[in-house]
Structures are given as structure tokens and as C-alpha cells.
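A.B. asks: Pasting a structure below so you can have a look.
Read the figures in this text as sums done on the coordinates, not as results from a lab. None of the values given here were measured: they were computed from a predicted structure. When we count neighbours, we look across all protein chains shown, and the Cβ atoms used for this are built from the backbone with ideal geometry, even at glycine.
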Amino acid sequence: MNFSRRSLIKLLGSLGFLGIPEMQKKYSLNTKLKAPKQIGQSMINKQFKPLDKVKVGIIGLGNRGSGHVGNLLDIDKVEIVALCDKVKAKAERSAKRITDKGHKKPAIYSNGESDFENLCKQDDIDIVYIATNWIWHAPMAICAMENGKHTALEVPMATTIKECWDMINVSEKTQRFCVMLENCCYNYWEMMILNMVRKGEFGDLTHAECAYIHDLRGLLFHDTYYEDHWRRKWYTQADGNFYPTHGLGPVAQYMNINYGDKFEYMVSMSSPEFGMSKWAKEKLPAGHPAKNEKYVRGDMNTSIIKTNKGKTIMLQHDTVSPRPYSRINMVSGTKGTFSDYPARLYLDGQEGGHSWKQGSDLDPVKKQFEHPLWKKIGEIARKSGGHGGMDFVMNYRMMTALLEGRKVDMDVYDGAAWSAPFPLSILSVKNRSAPVDFPDFTRGKWKTRGEFLI
């Protein structure tokens, strides 16, 4: 696949990258989101021969990519052999971190936007990490897989339903993993609650609530944090949930989504837009290019998802309000409820009546139900860092899957399901919060898939 400028634009168009308005024209409530013809074998439960060493190439050495470099340097039998960023200084900065640790300098690819293709062709790479602007996730992952590489990419995996299917089909055709790096699934509390869910502490689950609530106004208007202000541009194009996976991923695991249940349909609605416009008006100097931008995305988007087995999930997204950070991370069942930010627990019949157990009162619960993975590597995870250690745990699991020949924790079907609320919420909001169906990305295999591993 030759990604010349012209062919790249053509590919982006075919994948639905020419803007959310084009996607809105293409998909309507009458669109039947049927599975396209399968062109390869399913990747469900796929395992490979263990590797003696994992050789990694990384595309995108900004905020997230440089973090992965640090974590991967702390994992045995992992070598970073190639780096790509169109800003050469970013790639060289990460290369220096690698050589300062006593490793060979990786190959550097910084010759324009399409130089990632040459990284994907490098023969000795086992897996390509992708940490770029969202619109590049699909074409870069497809390029990597078609060149025989596994791929692990930042969230969301995709921005349209077509991208989801394209990535699934290429993964199945090439028999290469496509893993979305949802770090929040590996956070201490999320893994502890997953352990409690599995042990039946919450009984039969009925409902969950999750979110990405993070005041990003300062970063969205920052001169350099998001190159070319790519993230802010989405707020001028569409109204929906642009970033569903941080909250939804862990909740999907609690509810065995794609492992005996599936997302069936969703409805979505948004509040008015005030936050971005008010910030631009009050904070930006006269003459600033963003001073008069028109924002169409409501400040708070709220979606409700119904699963095949009748469970409900509330999913929210707000990055422009003055609120403390929260993913909510609430799960409720017939025997109890947990909710985070701050962490608090209520189990049926516990002492204290209708009041939460929280703070130091949770210490005995943590001692009893701490996830075995955090017991094993929690100390090194916290030392290596990355959002309290969850980034390290995620990268450790990704690398050890390849070193041990173990199936991956989160595959291309999970990435597609968790990312799908991005385009589906836009479609629902556009149509007065009408219900929108989820595609069955597993093509029916969610019914008999087997056990979730972590």
C-alpha cells in the first residue's frame, strides 16, 4: 500500500475521514448496519507462537506516545526499534531516552505525513503502536497489519462504523491483532471491581454508569498541546460523545460485553453549547483565530445503552465544564453498588444502614479483593508511572501476551464495540435522540465466545 499524498486522501475519504458531516449524510436511521462479507478468519481467541523478544515501532511521539516509550523501557525482553513522528525533534527526544537506557538507537521516520508507511514496512518489527490524531488511527493500523505487523492503538479505535468494519476485516484477513489501548481497564479500582464482580459480590448486574468528565478547556485552546488544534476542530463539526471508551471499557468488561452479552442499541442527547464559546470570548485575546469559532457540540452529552440481556448503561462526555475529573465507574446489582470519584461501596446488609463505605473503611475490602495482577506488579507499575500505574499494567499485559503466546485482553471486536458510540451518538443526537442499533462486530460469536481473561 503506497500512501502518496493523493492515495492517502483517497483512502481517508473511503474510510469516512472527510468530516463528520459526510458521515451524517451517509448514515441515517434507515441505514442497515449489517456486517460486511467476512474475508478472513475470526480473531476471537487467536493465539500465536511465543516470541523471545518483542520488537516495537511507535508512530506518534507526543503526549501519549512518549509515555508508552517510558513504560516499554521498563519491561523485560522488549526493544523499541523504530520511531515515527512528522516532528523530528519529538522522535529524537524519545530516541535519546532509549539510548540513555543503554539500548541501540531506533530507526527514525520523520519525512512527512506518510513516512509511517516505511516504519510499517521495517522487517524486524513485531507490533506497531499508534498514538496520533484520531483520524489517523484506522489508516495507520490498516497499513501496519497489511505489512504483517500486530498493532496497538490509542483510543478511540475508530471514528466511524465503516472504519470499525475495515479494521476488523483487515485484522481477520491478515491474522494480526488490532488492540485498542484502553488504559482505564487496568486502573487499580476498575480491576478490583472487576474481581468483585466475578466473585459475585454485586449479585446479578442490572445497571452501570460511566463517563469521561475532564475539564480540557485550557488544553483545547492551548497553542501547541494538540497539534494544529485537531481535537478542538471536532467541536465545530458534530454533536455527540467523541470519547466514550475510558468509561465504557471497564463497564463493558463488568457486564461481559462480547462475552455472553452485547450492546444492542443506544439513545443520545446533548445539553446546549455554552462552555467553549464562553471560554473563547472571555479568555482569548482580540484577533485570536479561535475567537469567533462556532461550536456545535453540547457541553454535556448523555447516552443510554441497552444490552441484549436488558442491562442498562449511562454514558456521559463533558470536557468543557468546570468539574472535577470523573469516569463515574458505577456498577449496580442485586447485592450491592460501587461508585467512584470518590470510591464508595454499599453491599446489601452492611452495617451503617443506607450509607456508603468509603475512605479508610474500604481498606479491608481492598485487601480482600485487590486484583491479582496489581498484587503481582503494582509496585513496579506505580514506579514506572502513567496515570498512577495503569498505563504500565496495560503495556505489560500487551507485551507479555506476545512473549507468552497468550490471547490479548482486548481485541479488535472490543475496540469496535467500545468506539461505536462515537458515531452512533452523533446519529442519535441528530435525529432527536432516536434509538440507534449497534452492529454485531463479532458476527454472532459473542454468544459462545468463552471466558474473559484478565
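A.B. asks: Which value does Rg/Rh take for the range 102-201 over its C-alpha atoms, Rh per Kirkwood? Spell out each step's value before the answer.
C.D. replies: Numbers: Rg = 16.3 Å, Rh = 15.2 Å.
Reported Rg/Rh (Cα atoms, Kirkwood Rh): 1.08.
A.B. asks: Still on this model: Might you report the magnitude of the Cβ-based charge dipole of the chain about its Cα centre, with Lys and Arg at +1 and Asp and Glu at -1, to the nearest 20 debye? Let's see the in-between values first.
C.D. replies: On the way: 64 positive and 51 negative charges, 151 e Å.
With Lys and Arg at +1 and Asp and Glu at -1, about 720 debye.
A.B. asks: What is the dipole size for the range 75-219, taken about its Cα centre, with +1 at each Lys and Arg Cβ and -1 at each Asp and Glu Cβ, in debye to the nearest 20? Working shown, then result.
C.D. replies: On the way: 18 positive and 22 negative charges, 110 e Å.
In debye, rounded to 20, the range 75-219 gives about 540.
A.B. asks: May I pose another question? Using the 10 angstrom Cβ neighbour count as an exposure proxy, how do MET394, MET300, MET157 rank, fewest first? Please report the intermediate quantities before stating the final value.
C.D. replies: On the way: MET394 26, MET300 21, MET157 31.
Neighbour counts put them in this order, fewest first: MET300, MET394, MET157.
A.B. asks: Given C-alpha coordinates of the chain, what is the ratio Rg to Rh with the Kirkwood estimate of Rh? Walk me through the numbers on the way to the answer.
C.D. replies: Details: Rg = 21.5 Å, Rh = 22.7 Å.
Checking Rg against Rh, the ratio lands at 0.95.
A.B. asks: Provide, for q = 0.17 Å⁻¹, the log10 of I(q)/I(0) from a solvent-free Debye sum over equal Cα point scatterers in the range 303-361.
C.D. replies: The Debye formula, applied to the Cα set alone, gives -0.74.
A.B. asks: Ok, one more. When DSSP assigns beta bridges and you keep just the ones with both residues in the chain, what percent turn out antiparallel, to the nearest 5? Mind dumping the intermediate values first?
C.D. replies: Details: 28 of 56 bridges.
In the chain, DSSP labels about 50 percent of beta bridges as antiparallel.
A.B. asks: If you count, for each residue, the other Cβ atoms within 10 Å and average over each peptide, how do 164-175, 413-424 line up from highest to lowest?
C.D. replies: Numbers: 164-175: 21.6, 413-424: 27.7.
Answer by packing, highest mean first, reads 413-424, 164-175.
A.B. asks: Using DSSP to define loop residues, name the trypsin sites (Lys or Arg not before Pro) in the range 351-454 whose beta-carbon has at most 10 other beta-carbon atoms within 10 Å.
C.D. replies: On the way: sites: LYS357, LYS366, LYS367, LYS375, LYS376, ARG382, LYS383, ARG397, ARG406, LYS407, LYS430, ARG432, ARG443, LYS445, LYS447, ARG449; in loops: ARG406, LYS407, ARG432, ARG443, ARG449.
Here the sparse-neighbourhood loop sites are ARG432.
A.B. asks: Taking neighbour Cβ counts within 10 Å as the exposure measure, how do VAL54, VAL128, VAL197 sort from fewest upward? All intermediate terms of the calculation are to be shown ahead of the outcome.
C.D. replies: Values: VAL54 23, VAL128 27, VAL197 20.
Ascending Cβ contact count within 10 Å gives the list VAL197, VAL54, VAL128.
A.B. asks: How do 340-352, 322-334 rank on mean C-beta neighbours within 10 Å, highest first?
C.D. replies: Those peptides, ordered most packed to least, come out 322-334, 340-352.
A.B. asks: Same structure, new question: Please compute the contact order of the chain in relative form: average sequence separation of alpha-carbon pairs under 8 Å and at least six residues apart, divided by the residue count, as a percent.
C.D. replies: 21
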